[in-house]
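The values are calculated or read from the model by the stated rules, or taken from the named source; none is laboratory data. Note that this is a predicted model, so its numbers are computed, not measured. Cβ atoms come from the backbone with ideal geometry, glycine included; neighbour counts cover every protein chain shown.
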Amino acid sequence: MKKILVPTDFSDCALYAADAAISIARKTSAEVHFYTRVHVHPLWDQLSEKEKMDFPESFARIQETRKQFQELRERYRGVPVRIVTSYSHGDLIDVVSRYIESEDIYLIVMGSSGADGMKEYLFGSNAQKIVRHAQRPVMVVKHPLVKDEFKNIIFASDFSEEANIPFQQLIQFGRHFGSHIHLVSIATSPSFGETREVRKKMEAFEEQCWALPCFIHEVGDYNIEMGISSLANKLNADLVTVAHFGKSLVKRIFTGSLTESLVNHLEIPILTLNYPELEPWHMLHVKKEEKIA
């Protein structure tokens, strides 16, 4: 884990994410990249320096962004973590996606206050949008970390063969913190045959977890989200991890997305381990962002 990206709007929840990223970076010797989007004239990159003078509002926003980045650097002065700051304008998903590809980002850490109602299903928070499109692990943070470690981590999965890749990502992450991994299967209408088959799959995953303590939990609940939330409270979990599948807009409206629902409603940090089958980010084309030296 060499580079961590924190997309920020400098809000309180974005600062919680920044603190979490710095904490992770200290454990993993990673560098932290802070990125923000600045609202300027849509043709800003094509304007001459003289023409830009006709848009003082854009200049003011850029100056404010530089000031906020400087305050971030002051916040972490003395912390042995390399910090990189950059900004650009344009579509959030496009510019973040290209930044991830160009800088070879391994982990994204975002703050979120969640989303509710039809906004949740039709638009979603910025964190949801990143989760939906990224091909990198995404951690979503809503509150300040109580402690700078992730001792108890829940891995919620169907334990299919495809889940092996994200599970290995989780083990690599957990080794930095000496984590305990809790494998959980949530049954909403269990049958004996299905339960036994899931148990066998979970035991196969447990065997891969030799580097860390690993525990199996089979939970029955009204729905999967409630089952995960209940177990997280019982274990006093520090992190919930899930492997994420993309969904079309129509499917999302009628069935919802478990990952995005957890991002919106669970209060502890969520780490989504995104499957490589999702649409490659390098297919999105945007202009090069302006960087702060």
- Return a yes/no flag: does the stretch 21-35 have any residue that is out of contact with any Lys or Arg (no Cβ under 6 Å at 6 or more places or on another chain) and assigned to a loop (DSSP other than H, G, I, E, B). yes
- Scope the stretch 136-176; condition farther than 26 Å from TYR99 by Cα and charged (D, E, K, R); matching residues: LYS147, ASP148, GLU149, LYS151, ASP158, GLU161, GLU162, ARG175
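Which residues, counting only those in the stretch 160-181, are of a type in the set (Ser, Thr, Tyr) and within 19 Å of the chain's Cα centre (by Cα)?
Passing the criteria: only SER179.
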- Query: If you go through the stretch 187-207 one residue at a time, do you hit one that is of a type in the set (Val, Ile, Thr), part of a loop (DSSP other than H, G, I, E, B) and loosely packed, with under 15 Cβ neighbours inside 10 Å?
  - Reply: yes
- Item | Residue satisfying all of: in the stretch 126-148; at pLDDT 85 or above and assigned to a loop (DSSP other than H, G, I, E, B); surrounded by the most Cβ atoms within 10 Å (Cβ to Cβ) among these | PRO137
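Test ALA115 against the criterion of being modelled with pLDDT under 85, closer than 27 Å to ASN236 by Cβ and among the hydrophobic types (A, V, I, L, M, F, W, C), and give yes or no.
Working: modelled with pLDDT under 85: yes; closer than 27 Å to ASN236 by Cβ: yes; among the hydrophobic types (A, V, I, L, M, F, W, C): yes.
The answer is yes for ALA115.
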